[in-house]
Every structure is written in C-alpha cells, then in structure tokens.
Amino acid sequence: MWDGIGDFLAMGGHWPYVWGSYGLFALLLAAELLLQRHRHRRTRTVLNRRFRRTGSTRTHQGTGT
Amino acid sequence: MSSRRIPWLTFAAPRNFHLLVQVLVPWLAGVAVLLAIAGLYTGFFVAPPDYQQGNSYRIMFIHVPAAWMGMFLYLLMAMYAVIHLVWRIRLADVMARSLAPTGALMTFMALWTGALWGAPTWGTYWVWDARLTSTLILLFLYLGYMALRATVDDRESGGRAASLLALVGAINVPIIYFSVEWWHTLHQGMSVTLTSAPTMAPSMFAALLLMTGACWLYCAAITLRRAQVQVLEDEADAQWVRDLLQPPTAESARTAEDPAGTIREEGHS
C-alpha cells in the first residue's frame with residue numbers, strides 16, 4: 001500500500017496532523033504510565049521505611065469496606 | 001450484609017481488591033499491547049486510504065476510542081459516585097477518584113486529535129459545534145472533579161462533594177453522545193451504532209474495534225493500578241499492608257504470635 005518509508009511518513013501530505021495526533025497520544029500515555037510507576041514505587045518505599053522504623057509493632061487489621 | 005451473600009462485595013475489602021488488581025493488571029496490560037499492535041498494523045497497513053479524506057482519516061483510530069473512553073469513564077465515575085454516596089463504600093470513592101485523571105486524558109486526546117483531524121477535513125481546528133463544546137465541558141467536569149478532590153482538606157466531605165459533581169455532570173454524557181443527532185452542525189453523525197452496520201470498510205472497522213479494545217484495557221489497567229496504590233496509602237496502618245510489603249519471616253511470625261516466648265520455654269523444660 002505504501003511506496004516506501006518516506007511515503008508512509010508523509011501520509012499523503014497529512015503527516016503533521018496524523019503524527020501530531022499519534023505522537024502526543026503516545027507521549028501522554030507514556031507520561032501517565034511513568035508517573036503512576038513513580039507513585040507506586042514512592043508509596044512502597046515510604047511505607048517500607050516506616051515499617052522498618054516502627055519494627056514489628058502490631059497494627060490494626062484494616063478497615064474492611 | 002455478608003460478603004458471602006453478595007460475592008462482588010468481597011473485592012470491596014481493600015486487601016482482596018489489592019490481590020485482585022495484582023493478578024488482573026499484567027493480563028489487562030498485556031492484552032492491551034497485543035490489541036494495540038494489531039490495531040495499528042490494521043489501521044496503517046491494511047485499511048485503505050479514504051476516498052475523500054486520504055490518509056488523515058487514520059486519526060479516527062485513536063480519536064474515536066479516546067472520545068468513547070472519555071464518556072464511558074465519566075459514566076463509570078458517576079456510577080461509583082452513586083455507590084459511594086448511597087452505600088458509603090470507600091473503595092467506590094477510590095475507584096471514582098482513580099478514573100478521573102485517565103478520563104481527563106482521554107477527553108483531552110479526543111479534543112486534540114479532533115482538532116488535528118478537523119484542520120485538513122473542515123479547514124478549521126475548532127468550531128463551537130455542539131459535539132465539540134459538550135466534549136470541552138466534559139474535560140472541565142473532569143478537571144473540576146480533580147480540583148475539588150485536591151483542594152478540600154477533609155477527605156470525607158471533599159469526596160462527597162466531588163461525588164455529587166460527578167453525578168450531576170453525568171447529564172452531559174448523553175448530550176455529547178446525541179448532540180450530532182439533535183443539532184445538525186459540523187461534526188459528522190455516528191458511523192458506528194449498535195443497531196445498524198458501520199458505514200465504513202471492514203478493515204477500517206476492524207482497526208477501530210482493535211484500538212478501542214486496546215484503549216479500554218489500558219484504561220482498566222491504569223485506573224486499577226492507581227486505585228491499588230491509593231488503597232495502599234489509605235491502609236498504611238493495616239497489618240495486611242505491613243505483611244505484604246515486609247513478609248514476616250518464620251522467626252518474626254513466632255515472636256509476634258508469642259511475644260513472651262512461653263512456647264519456647266515450655267519446649268526447653
């Protein structure tokens with residue numbers, strides 16, 4: 001269907017619109033994933049540090065629903 | 001209400017929810033990636049150029065899923081808001097809160113890709129068309145919800161106010177959906193409905209479905225993961241979180257069960 005990579009990238013002259021759409025979508029999804037991973041790791045690190053500091057003190061069993 | 005009688009309530013317990021998400025997310029993410037690869041391949045290498053729009057129509061493969069997700073996630077958020085307001089189930093509030101950023105992102109992407117699709121097709125990036133304007137309002141509703149959560153210090157009252165906003169704002173979703181039928185303006189009508197055959201080539205429709213599946217699973221994975229982290233933070237004082245992050249060794253478990261060491265003494269005597 002495409003006449004080489006150049007033809008594919010040109011998108012029939014519509015490349016700024018097509019790649020501008022897909023590019024920002026990919027960028028924002030990547031940013032969301034990275035932010036989420038960062039938050040997950042930070043939460044685990046903070047909690048681990050707190051648990052090490054407080055030792056094996058028993059805490060409550062959770063809050064249910 | 002016992003969780004035995006209503007099985008789904010089992011996963012409203014934070015610990016069970018955490019375990020469920022731990023199992024689900026890798027599968028959801030894995031299948032999302034596979035569907036996205038298949039969808040992008042079909043969309044760019046199988047589907048032919050449109051006879052009128054040329055190749056700019058390929059923006060549709062992310063524009064439509066993003067728009068659908070923006071609306072769908074809002075309805076889901078409103079549903080969780082109702083559960084939170086009526087039954088006071090805290091996990092419902094966590095879910096609503098976790099859906100908002102991804103919903104806002106999808107709505108923003110629907111507007112962005114719509115603008116970039118509109119430029120070569122309509123000759124303008126933006127018009128105050130009913131569909132576009134109501135989608136912009138949806139974005140503001142998401143941002144308002146998130147701002148309300150972020151600014152009200154008291155988690156409980158802030159959560160209730162935000163839930164109320166989510167609920168009231170849900171009226172906007174059918175307005176967006178039916179806007180192209182109610183007001184005949186610039187945005188095209190529905191190409192895909194439940195009651196009639198799609199008005200596009202089968203390969204285009206296949207790419208659209210694959211990308212929608214990928215988007216849906218991505219949204220499910222990221223919002224569940226966000227809710228899982230929120231649950232960990234909320235339940236930081238619970239023993240199950242401690243056990244999860246620092247699994248007790250055999251020795252520490254024995255000490256915890258028998259702090260005075262009486263069993264050991266008896267064993268020695």
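Just give me the residues in the stretch B:145-158 being under 16 Å from B:Tyr74 (Cα atoms) and out of contact with any Leu (no Cβ under 7 Å at 6 or more places or on another chain), in sequence order. Passing the criteria: B:Met146, B:Ala147, B:Arg149. Across the stretch B:204-240, the number of residues qualifying as at the interface with chain A (Cβ under 10 Å from one of its Cβ atoms), surrounded by fewer than 20 Cβ atoms within 10 Å (Cβ to Cβ) and closer than 11 Å to B:Ala32 by Cβ comes to 0.
Across the stretch B:83-130, what is the number of residues that are open to solvent by 50 Å² or more (accessible area, probe 1.4 Å) and either in contact (Cβ under 8 Å) with a residue 12 or more places away in the chain or more than 20 Å from A:Gly23 (Cβ to Cβ) (or both)? Break it down into steps so the answer makes sense when it comes.
Kept after step one, since they are open to solvent by 50 Å² or more (accessible area, probe 1.4 Å), are these residues of the stretch B:83-130: B:86-88, B:90, B:97, B:108, B:112, B:121-123, B:125-126, B:128.
Imposing the further condition that a residue be either in contact (Cβ under 8 Å) with a residue 12 or more places away in the chain or more than 20 Å from A:Gly23 (Cβ to Cβ) (or both) reduces the set to B:86-88, B:90, B:97, B:108, B:121-123, B:128.
So the answer is 10.
Inside the stretch B:172-253, counting only helices (runs of 4 or more DSSP H) that do not spill past its ends, which hold 1 or more residues that are modelled with pLDDT under 90 and not basic (Lys, Arg)?
Details: elements: B:172-182, B:202-234, B:239-245.
By residue number, B:172-182, B:239-245.
If you go through the stretch A:1-40 and keep only what is exposed (fewer than 14 other Cβ atoms within 10 Å of the Cβ), facing chain B (nearest Cβ under 7 Å) and part of a helix (DSSP H, G or I), you end up with nothing. In the set (1) under 24 Å from B:Val21 (Cα atoms); (2) within 14 Å of another protein chain (Cβ to nearest Cβ); (3) under 22 Å from the mean Cα position of the chain (by Cα), the condition left unmet by B:Leu139 is number (1).
Taking the conditions exactly as written (more than 8 Å from chain B (Cβ to nearest Cβ) and of a type in the set (S, T, N, Q)), does A:Thr43 satisfy them or not?
Values: more than 8 Å from chain B (Cβ to nearest Cβ): no; of a type in the set (S, T, N, Q): yes.
Considered against the rule, which asks whether it is more than 8 Å from chain B (Cβ to nearest Cβ) and of a type in the set (S, T, N, Q), A:Thr43 comes out as no.
Within the stretch B:178-203, the only residue that satisfies the criterion of being under 30 Å from B:Val25 (Cβ atoms) and open to solvent by 80 Å² or more (accessible area, probe 1.4 Å) is B:Leu194.
The values are calculated or read from the model by the stated rules, or taken from the named source; none is laboratory data. Not measured: the values here are computed from a predicted model. Positions of Cβ are generated from backbone atoms using ideal geometry, with glycine treated the same way; all protein chains shown enter the neighbour counts. All accessible areas refer to the heavy atoms of the entire protein, side chains included, with ligands and DNA or RNA removed. Shrake-Rupley method; radii C 1.70, N 1.55, O 1.52, S 1.80 Å.
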